[in-house]
Amino acid sequence: MSFGPHITRRDFLNGVLLSLGGMLLGCRTSPRVSLDNGSLASWSVPPDWYGYGGVGDYRFSHGNTPEAVETAHRLRDGGFPADFTQVEVIEEYDLVIVGAGIAGLGAALEYSKKRKPGQSCLMLDNHPIFGGEAKENEFDVGGVRLFGPQGSNGFFVPEAVSDPDGASGDPRYYAELGVPREFRYRDWPSEEKPLGFSPDNYEYMVRGLEGYTSVGHFFGSGVSGEGQWAVDMWERQLANTPLSEATRETLLRWHASGATRRFGSDEEAARALDTMSYEEFLGSELRLGAEAARYADLFLASACGLGSDAVSAYAAYRLPMPGLTEPVPPDLRRVSFPGGNSGFVRYFVKRLIPDAIAGSDSFEEIITGRIDFGALDRRRQPLRLRLRSTVIGVEHEGHPASSGSVKVVYARDGRLRAVRARAVIMATGGWMNRYVVRDLPPAHREAYMQFIHAPFLVANVALTNWRFLYRLGITAAIWDREEGDFGYTCNLRKPMLVGDYRPPLDPDQPTVLSFYTPFHRPGLPLRTQATLGRTELLRTSYPEYEGQIYGQMMKLFAASGFDPGRDVAGLILNRWGHAYSVPFPGFFGGASGRAPRDVIRTRHGRIAFAHSELDGLQHWGPAADEGRRAFNQLADAI
Ligand SMILES: Cc1cc2nc3c(=O)[nH]c(=O)nc-3n(C[C@H](O)[C@H](O)[C@H](O)COP(=O)(O)OP(=O)(O)OC[C@H]3O[C@@H](n4cnc5c(N)ncnc54)[C@H](O)[C@@H]3O)c2cc1C
């Protein structure tokens, strides 16, 4: 197999240098309390772990950074001091928001609208750039600028509302931020062979919408590299697949199943369906064999982290999945900004700190403008956003019921600092909050213990050309995974044109091929699936993933002319150790309606909790709603 040594070696070396740079920063000593006494290595990831980050503002922050992984593991293992009394408070704020993902930004937006004169807020985030799971990658392939999403990437344009304050979720923020409703795309030339493209990284797996994309299913023969492609197999009623008659019948029946049960309200649906997994629903109520559940895993694990055996039938009903709802109406198309949902993040940031993104507040400039990092944390601005700051301790000063303040300790540039706040919003996940909030009540702790977080890997491969896909007549691929395979699916998005950002749509021109890769292992206990997946995600080096991904591409595409040495221009790995909170049966309260997330949504003294994990189907609008709810819970404490 010939890899592109000139390209991949350069990428690999970039990764080594970046990781070493990060570690050196982490080890620097300072006159204040030092973060480390020399034992950082036991929590370090190897230097060949992080890899190439592309170009532009996001190049130092793709997925979890080595520093974020190291600090999280150190927290888990009790590697920080038991008490922080010797860490001196150097600043005071009315509000501190921990986490600058969409939940934190939703809290900040509410603060900015309701703040009283003179009030101040500090946001702290542990990554080199804001956005959490909604960030972007940027490549420069021979002078062609290309973006791809790091994680969160698509949405349906929500209904228009005239009174945003009276709405919630996507419609509220869409209207409030002034996001446009019409977009321009590069057209596929009519003289070329007909090809369909997904606007995002999901649509080609969504029943009812998959027909818009030229999807190839690869069925391996068991001999490496040998197999058969079935293009547009659903449209052809699976007649072009090597599947047995019985499997075809099962899959077609599953695919055609509409809403087999009716519910008077969403609450009624939750009580009835949140008692079983989607796989159980398919088996017990539709009498469908496991083949349907395994095919459904493709979409469910991409959207929720684990598959049909793990995901509540109620979550499947909301997504929506066959057997529980009718197909998505074909006029409802997905949309994805060039960098995915980092577009929404940039809208929030532009509203909150206008100088943070160069240019006006037009769609074009918000999406493509460069970030002015110096504008984020300026003295005297009512909202300051401080990056590369990992919060490791949050605790009331005194008893939570009567205390007037909270002390927040964070690590930055290798040393510990503390700020005092009248109130704190933890816009971070439970896997962190359990360790960070030191006076967390037992009920919150127990509730958090019930959450299951699944890992996810988004690998973006920049290509110099995609003629090997064109020859096959596809723009998305799904493979019947065999022993030793990498991933399950990959696709090219239809390029959105935004201002000067004008990516080509030509099989002989550059593009980004995205692999959205979950780590589900159907049949194993859910926590075991998540832990095994996370171990694999965190232990595999960048060169190992490079080998696996190009090896998989050779298996799928060598026969149609793929050559990694010629066709690959770069690979960015975006690793998310706790990507999704899995909506397992009971997550929404099961038959009784008592859900762990309801406990987390209760205020603890001067601290409130907000994260998309509480919604159960992580999504940008509900994430911002969680932040808004948390701010309003604390408004009287600020
Ligand atoms: C692969 C993938 C695909 C997705 N696709 C979509 C999609 O298509 N559409 C959609 O709407 N949603 C999608 N999502 C869901 C996405 O998670 C949410 O929409 C949303 O972006 C999450 O925002 P959040 O603020 O809740 O969490 P996060 O994005 O996790 O933000 C939390 C922030 O807090 C930081 N943090 C954590 N601990 C600390 C600490 N101790 N100190 C300081 N900072 C800390 C984190 O690093 C992060 O920056 C996807 C998610 C993934 C992983």
**Q.** When residues of segment 40-67 are limited to those that are within 14 Å of the ligand (Cβ to nearest atom) and either of a type in the set (Val, Ile, Thr) or out of contact with any strand residue (DSSP E or B) (no Cβ under 7 Å at 6 or more places or on another chain) (or both), the one farthest from residue 432 (Cα to Cα)
**A.** 60
Q. Of all residues in segment 284-314, how many are closer than 19 Å to residue 519 by Cα and either of a type in the set (A, V, I, L, M, F, W, C) or not assigned by TED's automatic domain parsing to the domain that holds residue 576 (or both)?
A. 13
**Q.** Test result for residue 118, small (Gly, Ala, Ser) and within 24 Å of residue 614 (Cα to Cα)
**A.** no
Q: Would you be able to say whether some residue in segment 583-602 is aliphatic (A, V, I, L, M), at pLDDT 95 or above and over 23 Å from residue 443 (Cα atoms)?
A: no
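Consider segment 581-638. How many of its residues are within 16 Å of the ligand (Cβ to nearest atom), outside any loop (DSSP other than H, G, I, E, B) and closer than 24 Å to residue 317 by Cβ? Steps first, please.
First, pick out the residues of segment 581-638 that are within 16 Å of the ligand (Cβ to nearest atom): 581-583, 587, 597, 600-601, 607-631.
Next, only the ones that are outside any loop (DSSP other than H, G, I, E, B) stay: 581, 597, 600, 607-609, 612-614, 620-631.
Retained after the next criterion (residues that are closer than 24 Å to residue 317 by Cβ): 581, 597, 600, 612-614, 620-626, 629.
Number satisfying all stated conditions: 14.
Can we say residue 275 is in a loop (DSSP other than H, G, I, E, B) and either out of contact with any Leu (no Cβ under 9 Å at 6 or more places or on another chain) or at negative phi (or both)? Show your work before the answer.
On the way: in a loop (DSSP other than H, G, I, E, B): yes; either out of contact with any Leu (no Cβ under 9 Å at 6 or more places or on another chain) or at negative phi (or both): yes.
Spelling it out, residue 275 is indeed in a loop (DSSP other than H, G, I, E, B) and either out of contact with any Leu (no Cβ under 9 Å at 6 or more places or on another chain) or at negative phi (or both).
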**Q.** Long-range neighbours under 6 Å by Cβ, at least six apart or interchain, first residue free of Cβ contacts under 8 Å to residues at least 24 places away in the same chain within segment 228-247, second of a type in the set (A, V, I, L, M, F, W, C) and in a strand (DSSP E or B)
**A.** 228/219; 240/230; 242/219
Q | Among the residues listed as 202, 174, the single one being under 23 Å from residue 472 (Cβ atoms), at pLDDT 95 or above, buried (at least 19 other Cβ atoms within 10 Å of the Cβ) and within 16 Å of the ligand (Cβ to nearest atom) | A | 202
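Anything in segment 374-398 that is in contact (Cβ under 8 Å) with a residue 12 or more places away in the chain and more than 25 Å from residue 61 (Cβ to Cβ)? List them, or say none.
382, 395, 396, 397
Would you mind finding the one in 281, 299 that is assigned to a helix (DSSP H, G or I), aromatic (Phe, Trp, Tyr) and more than 24 Å from residue 490 (Cβ to Cβ)?
Values: 299 fails: more than 24 Å from residue 490 (Cβ to Cβ).
Answer to the check: 281.
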(Q) Anything in segment 74-130 that is over 16 Å from residue 426 (Cα atoms), acidic (Asp, Glu) and part of a loop (DSSP other than H, G, I, E, B)? List them, or say none. (A) 77, 83, 88
Q | Every residue from segment 130-154 that is near the ligand (Cβ under 9 Å from one of its atoms) and either polar (S, T, N, Q) or surrounded by fewer than 23 Cβ atoms within 10 Å (Cβ to Cβ) (or both) | A | 150, 152, 153, 154
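Residues are listed down the side, and each one gets a yes or a no for (1) surrounded by 17 or more Cβ atoms within 10 Å (Cβ to Cβ); (2) more than 20 Å from the chain's Cα centre (by Cα); (3) without any contact (Cβ under 8 Å) to a residue 12 or more places away in the chain:
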position: 449; (1), (2), (3): no, yes, no
position: 454; (1), (2), (3): yes, no, no
position: 464; (1), (2), (3): yes, yes, no
position: 469; (1), (2), (3): yes, yes, no
position: 487; (1), (2), (3): yes, no, no
position: 497; (1), (2), (3): no, yes, no
position: 510; (1), (2), (3): yes, yes, no
position: 517; (1), (2), (3): yes, no, no
position: 523; (1), (2), (3): no, yes, no
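Given the residues 314, 347, which is the only one that is assigned to a helix (DSSP H, G or I) and more than 16 Å from the ligand (Cβ to nearest atom)? Break it down stepwise before answering.
Working: 347 fails: more than 16 Å from the ligand (Cβ to nearest atom).
It is 314.
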**Q.** Hits in segment 122-173 (condition: without any contact (Cβ under 8 Å) to a residue 60 or more places away in the chain and of a type in the set (S, T, N, Q))
**A.** 162
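Inside segment 155-171, can you point out the residues that are part of a loop (DSSP other than H, G, I, E, B), out of contact with any strand residue (DSSP E or B) (no Cβ under 8 Å at 6 or more places or on another chain) and within 14 Å of the ligand (Cβ to nearest atom)? Give the derivation first.
Taking segment 155-171 and keeping what is part of a loop (DSSP other than H, G, I, E, B), we get 157-163, 167-168.
Filter once more, keeping what is out of contact with any strand residue (DSSP E or B) (no Cβ under 8 Å at 6 or more places or on another chain): 158-163, 167-168.
Scanning segment 155-171 gives a single hit, 158.
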Q | Yes/no for residue 79 being crowded, with 24+ Cβ neighbours inside 10 Å and within 15 Å of the ligand (Cβ to nearest atom) | A | no
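The values are calculated or read from the model by the stated rules, or taken from the named source; none is laboratory data. Just so it is clear, the model here is predicted, and its values are computed rather than measured. Neighbour counts are summed over all protein chains in view; Cβ atoms, including those assigned to glycine, are modelled from backbone coordinates with ideal geometry.
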